[in-house]
Structures are given as C-alpha cells and as structure tokens.
Amino acid sequence: MTIKEVEQRLKITRANVRFYEKEGLIFPKRNPLNDYRDYSEEDVKSLSKIIFLREIGIPIADIRSLIFGKMGIHEILRRQKAVLLAEQQKTKDAELLLNRLLAQPETSFEELSLPEIPSNGPERSLRDTLGELWYFWDKLVVWGFFLLQVICTVCVFPMLPEEIPVSWYGGMPTDYKNRIYFFGYLLLSMLVLYGMRNVLYRWIVGALRCFLDEINAAVTVGGIGYSFSLQVFTVLWLRGYQMSQDLFLIGCICFYAILVALAFLVIRHKKLHMSGGSV
C-alpha cells in the first residue's frame, strides 16, 4: 500500500512514517515498477505497535532495541515505569517547594528566601551506568577503534620519511608514495564508517535484522581494522621489522575474528538472560 493509505489507516502524518523509517524501525520494500515505497500489512502492524509505545513514552532507542531483540519488553516497560515514578517524585517535590514558598510572607525577588531542595534519591551506581552503556556497545567499539586510528595517524605522521611504501610483493616494497598518502588509510576508514550502515540496512533482511547493529559494528570495525592494520604494518616495516604483509594481515584477521566471536557470545548470553532462558 502507499504511504497515503498508511496515513489514512493509522491517522498519522506522512512525516511520522518517514521519521520511523529513517530511524530504522520499519523497512518498507520498493515497488520495482516506480521505485515507490510499498508498505505491507506487517509494516502497518509494526507502525501501530511503535505508535502505541511512543504514546506511553517509550524512547525511540528502546523501541529500536526491542525490534532488534537487544532488549526485552518487560525490561523496557520497567525502565519506563521507573522514569514515570521519578517524574512523579519530581512533581511532588515541586509541589512541596511551592507550598513552602507560599507559606512565606509576600516578598521581592531580592529578599526571596529559598527553601532547601529535596534530594533526588540515591546516586547512580557504576553498575547502572555500565548497564546503560551496554546497549551502545556497537557505537562505542566502532568509534573507539576509529579514534585509536586517528591518534595513531596524527602521532606517527611527523616521524615518517618523505616516501613510504604502499604496496609489497614477496615481502619487499614495490611502490612508494609521499607520506601524505598515510592519511589515505584514515580516509578509507571514514568511508567505511559512514557508508557501511546504509549498505547493510538496504541489503540485510529477514532474520538477520535482529543482529543488524552487531553485524554493522563487526563489518565496520573490520573495514577500519584492515586500514589500521596497513598503517601498523607500514610503521613496523619502516622500523626495520621485515615480515610478510600477507601473514601479518592474516594474523590480524584471526585476532579480529576471535574478538567478534567473543562479542557475539556475550550478546547471546545477555539476550538469554533478558528473556529468561530462550531467545
């Protein structure tokens, strides 16, 4: 169905539909005849659920985590309930302060005496903070790895010779470029960083959607890792460490694959824990 029909059925605006699509909450197919979006009944059902969750105050990020299976509905509802209770407490505290101010004699701003503000409850624990950061692990890993490469590039560049090797054959360099080419590795990582998500959102469908953020993080870090590995190999070779580029990159790939496997095992364990033993 067309977006106009979706508007009429759900009583929402076209801008709302486009917003939820842009946020990666629905994935309408394209009509091959005119390239227009073709919304299915499943898309309409998903939009209905999204609209309901938004009406009770569930944040977009939590809805996305629910769709992709990164959070359970009960955990999301408990978090929202805690938010509502905190807002209720703030309202009660504000009412208490108003009553205290009303009990004071009429006065000017300069002579206004402020009552003591009630405490907002216990401070957040480190465990609570780390628990929230967990749901952004993919962004933290990707940007952390990219930042590491930026630091490496900036720090090493002044120590490089004017000409650096950029390609090897049989363990020996076959082509040299000006050292400014070193930033080409960083540019390659930036292209991967900003382009990979759009590629994955367009081509990954079906059951893989529940792991879309994890797959995107793994592939993006892989692309950045490849560029970073070339940087590291170049620096090591210039420092006199003679080695095969192919063997070095294979070792980096194996190390990276082990890290990705461990990350997915942790994610699996987290989902089992949230769902009570079954995903």
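The values are calculated or read from the model by the stated rules, or taken from the named source; none is laboratory data. Predicted, not measured: the structure shown is a model, and the values here were computed from it. Using ideal geometry, Cβ is built from the backbone for each residue, glycine included, and neighbour counts are taken over all protein chains shown. The protein model used for the area step is the full one, side chains on, heavy atoms only, and it has no ligands, DNA or RNA in it. Shrake-Rupley method; radii C 1.70, N 1.55, O 1.52, S 1.80 Å.
For region 250-266, the set of residues classified as open to solvent by less than 60 Å² (accessible area, probe 1.4 Å) and either in contact with a helix residue (DSSP H, G or I) (Cβ under 6 Å, 6 or more places away or on another chain) or charged (D, E, K, R) (or both) consists of C252, V260, listed by residue number. For residues that are outside any helix (DSSP H, G or I) and modelled with pLDDT of 80 or more, scanning just region 216-242, find the one that is surrounded by the most Cβ atoms within 10 Å (Cβ to Cβ). My answer is Y241. For region 71-89, the count of residues that are within 30 Å of L265 (Cβ to Cβ), open to solvent by 90 Å² or more (accessible area, probe 1.4 Å) and touching a helix residue (DSSP H, G or I) at 6+ places or on another chain (Cβ under 9 Å) is at least one. Note on region 187-215: residues that are part of a helix (DSSP H, G or I) and either modelled with pLDDT under 75 or β-branched (V, I, T) (or both) amount to 19. Could you tell me how many of the residues in region 90-108 are acidic (D, E) and open to solvent by 100 Å² or more (accessible area, probe 1.4 Å)? Adding up the residues that qualify gives 2. Return only the number of the condition from (1) among the acidic types (D, E); (2) under 22 Å from K139 (Cβ atoms); (3) assigned to a loop (DSSP other than H, G, I, E, B) that D62 does not satisfy. So D62 meets the others, but not (3).
Of all residues in region 19-42, those satisfying the criterion of being open to solvent by less than 20 Å² (accessible area, probe 1.4 Å) and either under 20 Å from E214 (Cα atoms) or not in a loop (DSSP other than H, G, I, E, B) (or both) are G24, L25, I26.
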